[in-house]
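Notes follow once the structure below has been shown.
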Amino acid sequence: MLFLLLLPLLGVAQLSETVNVQFYEEMAKRDAWHEQHLNLTTDEDREDFWKDQDDFETLLAQKNPKAYHIYLNTKGRLYSQHQSICNDSCQHSGHYAQKTAYYQAHAQESSNFVYSAKTKKPRVKD
């Protein structure tokens, strides 16, 4: 009887570990495109936008590390592709340049990190 009561909980635990790869890849593609075409006119707007983006990524890393890795790797690849075609006509902000460096560095290394829900910073896997 106890087993029958716990069975639904076991199913929920298994579902929570399943990550919809395509969903997070598409989200990363959409976000990267938006960021690459962002045209905010004030420093305050840029600060707000990038703070919100950082908050979203931190929350995703805490709540669903697997999804975060998919998102991070996809954005890293897309930012690299964009950088290879971006020329003097691209006028990205300093925030964008910082994110480019972050995505490229961390996307390549993300398989070496595990994210803890208790901290915002990655720690190296044992």
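With the requirement that a residue be without any contact (Cβ under 8 Å) to a residue 40 or more places away in the chain, within 17 Å of Tyr96 (Cβ to Cβ) and buried (at least 16 other Cβ atoms within 10 Å of the Cβ), what does the range 50-67 give you?
Correct list: Glu57 only.
Determine if the range 93-100 includes at least one residue that is among the polar types (S, T, N, Q), crowded, with 17+ Cβ neighbours inside 10 Å, at pLDDT below 70 and outside any loop (DSSP other than H, G, I, E, B).
no
Checking Lys75 against (1) closer than 21 Å to Phe23 by Cα; (2) open to solvent by 40 Å² or more (accessible area, probe 1.4 Å), which single condition isn't satisfied?
Going through the list (1) closer than 21 Å to Phe23 by Cα; (2) open to solvent by 40 Å² or more (accessible area, probe 1.4 Å), Lys75 breaks only (2).
The values are calculated or read from the model by the stated rules, or taken from the named source; none is laboratory data. Please read these numbers as outputs of a predicted model, since none were measured by experiment. Methodologically, a virtual Cβ is constructed for each residue, glycine included, from the backbone with ideal geometry; neighbour enumeration extends over all protein chains shown. Remember, those area values only see protein heavy atoms, side chains included, never the ligands or the DNA or RNA. Shrake-Rupley method; radii C 1.70, N 1.55, O 1.52, S 1.80 Å.
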